[in-house]
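Structure first, then comments.
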Amino acid sequence: QLQLVESGGGLVQPGGSLRLSCAASGFTLDGYVTGWFRQAPGKEREGVSCIGDGLSGGRTNYADSVKGRFTISRDNARNTVYLQMNNLKPEDTAVYYCAASRGWASSILCTQEPGKPRYDQWGQGTQVTVSS
């Protein structure tokens, strides 16, 4: 059974940091593009970041809204992708989801925009709340 499980969300003050984890089971993340998305109440889902598969060199991409503050990475030994979030702002408050996409085109699409690949495996989400 293919599964993605997110963890690491929580309540943090503005300017603080969190690290989200996306652990895979049933498949190897190094063979997939992994993306992070978020959705705030009343807003559309936003592609936040993505990392290409191992064959593509694991190139990363970020939405303008998080560039310079968020960092995506992959630990192949743990079959886990991380999203390090620094200097968090109240507008970062949302449910964060990870998703995986396979195929040679996905890594190319990831370099264009994090939300562009066709993601077919999704996690259940983890809540991030930034508030004082």
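The values are calculated or read from the model by the stated rules, or taken from the named source; none is laboratory data. Quick caveat, the model's predicted, so the values are computed rather than measured. As a convention, Cβ positions derive from the backbone with ideal geometry for all residues, glycine included, and neighbour counts pool all protein chains shown. Just so you know, the surface numbers come from the protein's heavy atoms only, side chains and all, with ligands and any DNA or RNA stripped out. Shrake-Rupley method; radii C 1.70, N 1.55, O 1.52, S 1.80 Å.
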Original post:
What ranking of T93, T111 comes out by heavy-atom accessible area, probe 1.4 Å, highest first?
Top reply: T111, T93
Subject >> Charge sum, other residues only, whose C-beta stays under 14 Å from L83's C-beta, Lys/Arg counted +1 and Asp/Glu -1 >> reply: +1
Subject >> For the chain, accessible area per residue (1.4 Å probe, heavy atoms of protein chains only), Å² >> reply: 51 Å²
Original post:
With springs only between Cα atoms under 10 Å, which of S56, S107, S65 fluctuates most in a Gaussian network model of the chain?
Top reply: S65
Original post:
Which cross-chain or sequence-distant (5 or more) residues have an amide H under 5 Å from the amide H of Y32, H modelled 1.01 Å from N in plane?
Top reply: G54
**OP:** Throw me the Rg/Rh for the stretch 1-64, computed over C-alpha atoms with Kirkwood Rh, two decimals.
**Re:** 1.00
**OP:** Provide the net charge surrounding D53, with neighbours chosen by a C-beta distance below 13 Å and charges set as Lys +1, Arg +1, Asp -1, Glu -1.
**Re:** +2
**OP:** State the three equivalent ellipsoid semi-axes of the chain, derived from the C-alpha gyration tensor as the square roots of 5 times its eigenvalues, in descending order and whole Å.
**Re:** 23, 15, 13
**OP:** For the chain, with a Gaussian network of springs between Cα atoms less than 10 Å apart, report the residue from V81, V33, V12 with the top mean-square fluctuation.
**Re:** V12
**OP:** Take the chain, connect every pair of alpha-carbon atoms lying under 10 Å apart with a spring to form a Gaussian network, then pick out the residue of P114, P14, P41 with the largest mean-square fluctuation.
**Re:** P41
Subject >> Amide hydrogen neighbours beyond the local backbone of Q121, cut-off 5 Å, H modeled >> reply: A100
**OP:** Please identify every one of the GluC sites (Glu not before Pro) in the stretch 1-85 that sits in a loop by DSSP and has no more than 11 other beta carbons within 10 Å of its own beta carbon.
**Re:** E44
**OP:** Could you tell me the accessible area of S132 in Å² (1.4 Å probe, neighbours in place), rounded to the nearest ten?
**Re:** 130 Å²
Subject >> Solvent-free Debye scattering, log10 I(q)/I(0), computed from the Cα coordinates of the stretch 62-132 at q = 0.19 Å⁻¹ >> reply: -0.95
